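Following: one structure in structure tokens, then a few remarks.
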Amino acid sequence: SLASLLSLASARLKGSDTPTLDARLLLQAAAGLSREDLILGPDRPLTPEQLARFESFIARRERHEPVSRILGEREFYGRVFRVTPDTLDPRPDTETIIEAALPLMPRGARLLDLGTGTGAIAVTLLGERPDASGVATDLSPAALAVAGENARSLGVAGRLELREGSWFAPVDGRFDLILSNPP
């Protein structure tokens, strides 16, 4: 049953800071279930394929692989961003940059995000300010591809220009706001 699987997985993940949450998120993803499905159907069995996927996820987490890497996504400022081995995960502390930047953005702002990675900063600010546009740079073409996917899936691709290169090297022009949160 789902309830027993969650209990067993949580026990296996006891070295994690959040074993129960980790187990629940991985079970939901492995079985394609919502949190409500888990609550309303705790006795539901998993198919062999779902069970194998869940076991694989738990084994990866036991090796200290972050849940976001296992799932390939991370929530940031109320949006779901794709993450890959080519990007760093958007960190919760980066949300303070969003909070600080929003009141500083004039109408029609043009922003620059240096070392964009997943695009979390630029995409989130553009999502919050539909009249803004931006440029995001990254040295990694693979990271820029992920940022582009996130911009498209979150509806801001038409207002975000992605440029490959180191910091300011691929950039010209003026910006109302320049942001970055390197590792």
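Quick look at the numbers
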{"quantity": "Cross-chain or 6+ apart pairs with Cβ under 6 Å, the stretch 164-177 first and more than 15 Å from residue 122 (Cβ to Cβ) and at pLDDT 95 or above, then in a loop (DSSP other than H, G, I, E, B) and open to solvent by 60 Å² or more (accessible area, probe 1.4 Å)", "calculated": "none"}
{"quantity": "Which numbered condition residue 44 fails, given (1) out of contact with any Lys or Arg (no Cβ under 7 Å at 6 or more places or on another chain); (2) in contact (Cβ under 8 Å) with a residue 12 or more places away in the chain; (3) of a type outside the set (A, V, I, L, M, F, W, C); (4) closer than 24 Å to residue 129 by Cβ", "calculated": "(4)"}
{"quantity": "Number of the condition not met by residue 75 [criteria: (1) of a type outside the set (Val, Ile, Thr); (2) in a strand (DSSP E or B); (3) open to solvent by less than 70 Å² (accessible area, probe 1.4 Å)]", "calculated": "(3)"}
{"quantity": "Close pairs from the stretch 107-136: first more than 17 Å from residue 182 (Cβ to Cβ), partner hydroxyl-bearing (Ser, Thr, Tyr) and outside any loop (DSSP other than H, G, I, E, B), Cβ under 6 Å, at least 6 apart", "calculated": "110/133"}
{"quantity": "Odd one out for residue 108 among (1) among the small types (Gly, Ala, Ser); (2) surrounded by fewer than 17 Cβ atoms within 10 Å (Cβ to Cβ); (3) under 22 Å from residue 75 (Cα atoms)", "calculated": "(3)"}
{"quantity": "Helices (runs of 4 or more DSSP H) lying entirely in the stretch 1-53 (those with 2 or more residues that are buried (at least 18 other Cβ atoms within 10 Å of the Cβ) and touching a Pro at 6+ places or on another chain (Cβ under 6 Å))", "calculated": "2-12"}
{"quantity": "Qualifying positions in the stretch 101-114 - over 13 Å from residue 130 (Cα atoms) and at pLDDT 95 or above", "calculated": "101, 103, 112, 113, 114"}
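The values are calculated or read from the model by the stated rules, or taken from the named source; none is laboratory data. Because the structure is predicted, anything quoted here is derived from the model rather than measured. Quick reminder, even Gly has a Cβ in these numbers, built from the backbone with ideal geometry, and neighbours come from all protein chains shown. These area figures cover heavy atoms from the full protein model, side chains too; ligands, DNA and RNA do not enter into them. Shrake-Rupley method; radii C 1.70, N 1.55, O 1.52, S 1.80 Å.
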